Amino acid sequence: MTIRLKTESDIKTLREGGERHAEILGLLAAMVEPGISTLTLEEEALRLIREKGDKPAHLGYTPRGADRPFPAALCISINDEIVHGIPNEVPKVLNQGDIVSIDLSLIHKGLITDSAITVGVGAIDDESRELLNVTKRALEAGIAAAKPGNHIGDIGAAITSKVKESPFSLAKDLVGHGVGFAIHEDPYVPNMGNKGQGEKLVPGMVIAIEPMLNVGKGDIKLDRDGYTIRTKDGSRSAHFEHTVAITEEGPLVLTLGK
């Protein structure tokens, strides 16, 4: 395992990109309403990204194990789709009561941030609303544990502890990761872990923390498109993600708005 630490200058650039990143996600979330197409969101994302001279990191990226590059700037995952839904090959129309995850990786001045949100389409039911709330709180707990001197396992333990207070399940085999110089770097950041285990967190590490929670069981399955991952039992799933720098003062969330 090779963990590539970031300099103060790198983190400053990542924070600049992260602020732009948050702005774009906020604008896209505001567009979500019944009747909008995933293709419309994808096209607007590309326009917003390129407007300031940035680039989409997902577009054209081939992760390990994939047999083709990812064809879009956004991953848009609806209801039982957990992550990596493709918005532009077979566009989908969002319906009242759906929940939709919008996941974006942004290249700003050569450095990459990664962040995701899940939003309701119009009014959503109580169970879906609580799913979103618990997933957000799990992310916040994971971020709070990302302190220098702690370990990767402390992040997973904090997330798991928050999820155990709820009726929901963590999606199995899906993890966070290092980020910055590439979309996926060492170390992996599992959402399940034990305190004191795994790599030690040191200043200069930059990681993407991303709990994914299912209404039903944690089992997952891969679609025929080679990218979209769904809940095996067809239950709904939510996903929230931030890029976080480990600093001497504690965790610094880079993908927050101004």
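The values are calculated or read from the model by the stated rules, or taken from the named source; none is laboratory data. What you see is a predicted model; the values in this text were computed from it and never measured. Please note: Cβ atoms are built from the backbone with ideal geometry, for glycine as well, and neighbour counts cover all protein chains shown.
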- Working only within the range 203-221, note down all residues that are under 13 Å from His177 (Cβ atoms) and β-branched (Val, Ile, Thr). Val206, Ile207, Ile209
- Note on the structure: Expected single match for free of Cβ contacts under 8 Å to residues at least 60 places away in the same chain and among the acidic types (Asp, Glu) among Asp186, Asp173, Asp225 is Asp173
- Message: So, in the range 121-152, exactly how many residues are closer than 12 Å to Val189 by Cβ and assigned to a helix (DSSP H, G or I)?
- Response: 4
- Do any strands (runs of 3 or more DSSP E) entirely within the range 29-114 hold 2 or more residues that are among the small types (Gly, Ala, Ser), and if so, which? 99-108
- Message: Regarding the range 193-202, can at least one residue be identified that is at pLDDT 95 or above, within 23 Å of Leu74 (Cα to Cα) and of a type in the set (S, T, N, Q)?
- Response: no
- Message: On the basis of being in contact with a Ser or Thr (Cβ under 6 Å, 6 or more places away or on another chain) and under 30 Å from Lys55 (Cα atoms), does Leu254 make the cut?
- Response: yes
- Task: Kindly establish whether Gly156 is touching a Pro at 6+ places or on another chain (Cβ under 7 Å), without any contact (Cβ under 8 Å) to a residue 60 or more places away in the chain and not hydrophobic (A, V, I, L, M, F, W, C).
- Result: yes
- Answer residue from the range 58-77, given it is hydrophobic (A, V, I, L, M, F, W, C) and within 17 Å of the chain's Cα centre (by Cα) and is surrounded by the fewest Cβ atoms within 10 Å (Cβ to Cβ) among those: Leu59
- Quick one: in the range 1-57, of everything that is surrounded by fewer than 17 Cβ atoms within 10 Å (Cβ to Cβ) and of a type in the set (Gly, Ala, Ser), which residue is nearest to Asp98 (Cα to Cα)? Gly35
- Residues (without any contact (Cβ under 8 Å) to a residue 12 or more places away in the chain and either of a type in the set (A, V, I, L, M) or under 23 Å from Asn88 (Cβ atoms) (or both)) located in the range 1-39: Ala30
- Message: Going through Leu94, Leu111, Leu106 one at a time, which residue ends up being farther than 28 Å from Gly178 by Cβ, touching a residue at least 40 places away in the same chain (Cβ under 8 Å) and of a type in the set (A, V, I, L, M)?
- Response: Leu94
- Residue list for the range 147-156, restricted to those being surrounded by fewer than 24 Cβ atoms within 10 Å (Cβ to Cβ) and of a type in the set (Gly, Ala, Ser): Gly149, Gly153
- Query: If only one of Asp114, Asp80, Asp103 is of a type in the set (Asp, Glu), more than 15 Å from the chain's Cα centre (by Cα) and at pLDDT 95 or above, which one is it?
  - Reply: Asp80
